[in-house]
1. Which number in (1) more than 16 Å from ligand 1 (Cβ to nearest atom); (2) under 25 Å from residue 44 (Cβ atoms) marks the one condition that residue 88 misses?
2. Looking at the range 88-105, is at least one residue over 29 Å from residue 172 (Cβ atoms) and open to solvent by 50 Å² or more (accessible area, probe 1.4 Å)?
3. For residue 137, state whether it is in contact with a Pro (Cβ under 6 Å, 6 or more places away or on another chain), open to solvent by 30 Å² or more (accessible area, probe 1.4 Å) and on the phi < 0 side of the Ramachandran plot.
4. Against the condition assigned to a loop (DSSP other than H, G, I, E, B), open to solvent by 60 Å² or more (accessible area, probe 1.4 Å) and without any contact (Cβ under 8 Å) to a residue 60 or more places away in the chain, how does residue 14 come out, does it pass?
5. In the range 45-67, which residues are open to solvent by less than 50 Å² (accessible area, probe 1.4 Å) and either within 16 Å of ligand 2 (Cβ to nearest atom) or at negative phi (or both)?
6. Read through the list (1) farther than 28 Å from residue 178 by Cα; (2) open to solvent by 70 Å² or more (accessible area, probe 1.4 Å), then give the number of the only condition that residue 113 fails.
7. List every residue pair whose Cβ atoms sit under 6 Å apart, with the two residues 6 or more apart in sequence or on different chains, where the first one lies in the range 183-210 and is open to solvent by 10 Å² or more (accessible area, probe 1.4 Å) and the second, anywhere, is assigned to a loop (DSSP other than H, G, I, E, B).
8. Any idea which of (1) open to solvent by 60 Å² or more (accessible area, probe 1.4 Å); (2) more than 16 Å from ligand 1 (Cβ to nearest atom); (3) assigned to a strand (DSSP E or B) is the one residue 23 doesn't satisfy?
Amino acid sequence: MSQPIIEVKHVSKNFGTHQVLKDVDFNVNEGDVTCVIGASGSGKSTLLRCINLLERPSSGEILFHGRPITARGSNPCEYRSKVGMVFQSFNLFSNMTVLENCMAGTVKVLKKSREEARQTAVSFLEKVGMEQYIHAKPHQLSGGQKQRVAIARALAMQPEVLLFDEPTSALDPQMVGEVLNVMRQLAREGLTMIVVTHEMAFARDVSSHVVYMADGVICEEGTPKDIFENPRNEKTKEFLARFS
Ligand code: ADP
Ligand code: MG
């Protein structure tokens, strides 16, 4: 068995006296689509933020290809180009066009020439069906379009892993599908993804692995079949019953 791409090892996180993550432990292998489900406040975003170096665990560690992500001498920007993140609120740069949004990181962090960055950006904007909007500003786009641009921007960095924090939760219902379709396509192409989501049909159909969190703890994890058809934990059963 090859080494996991990401290892979350006994990670705990406190904010003051509030323990938000408690001994969270799981691995992600190359090509896995890991869906993290759980009620609001259970620590899902904090977990992704730790994996993306936006927060530091209070204890435990996170390894990327076997090396601690906080190792001395490693560069957070370079790490984040390999382990990218897509946020619920898109976080596009509002003063830049769609194209500039998708070029900024590749020019600044990956040090590509503007021409190469432009070609990369356009190819990923084509992939998410947003190539006609390259000169638009974010405020001219719908929520679903903004999120597809945010995904193209993340892909332009050619990440090895992409983290998604409730990418469809801020969208009007009619726009959820266009974003999920892009994510489904990425999963089919073998991109390693960790997806926090309340879209249970997506988790059931697309993921290779499901992690159910409650109160900062991984209550149960397994294949989608294990979790959705044969949950063992009472909390998991109760949580899933809300969606049926
Ligand atoms: P989820 O994404 O599952 O809704 P979060 O990870 O956002 O959960 O939050 C888990 C808990 O941690 C919540 O009680 C939240 O209020 C708390 N929390 C998150 N971020 C911070 C922070 N920066 N400072 C203090 N408390 C926080
Ligand atoms: Mg959250």
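1. (1)
2. Within the range 88-105, not a single residue is over 29 Å from residue 172 (Cβ atoms) and open to solvent by 50 Å² or more (accessible area, probe 1.4 Å).
3. no
4. no
5. Taking the range 45-67 and keeping what is open to solvent by less than 50 Å² (accessible area, probe 1.4 Å), we get 45-48, 50-53, 55, 57, 60, 62-64, 66.
Within the range 45-67, 45, 46, 47, 48, 50, 51, 52, 55, 57, 62, 63, 64 meet the criteria.
6. (2)
7. Qualifying pairs under 6 Å: 190/31; 200/243; 208/32; 209/32.
8. In the conditions (1) open to solvent by 60 Å² or more (accessible area, probe 1.4 Å); (2) more than 16 Å from ligand 1 (Cβ to nearest atom); (3) assigned to a strand (DSSP E or B), residue 23 misses (2) alone.
The values are calculated or read from the model by the stated rules, or taken from the named source; none is laboratory data. Model, not experiment: these values are computed from the prediction. Methodologically, a virtual Cβ is constructed for each residue, glycine included, from the backbone with ideal geometry; neighbour enumeration extends over all protein chains shown. Note: accessible area is taken over every heavy atom of the protein model, side chains too, but ligands, DNA and RNA are not part of it. Shrake-Rupley method; radii C 1.70, N 1.55, O 1.52, S 1.80 Å.
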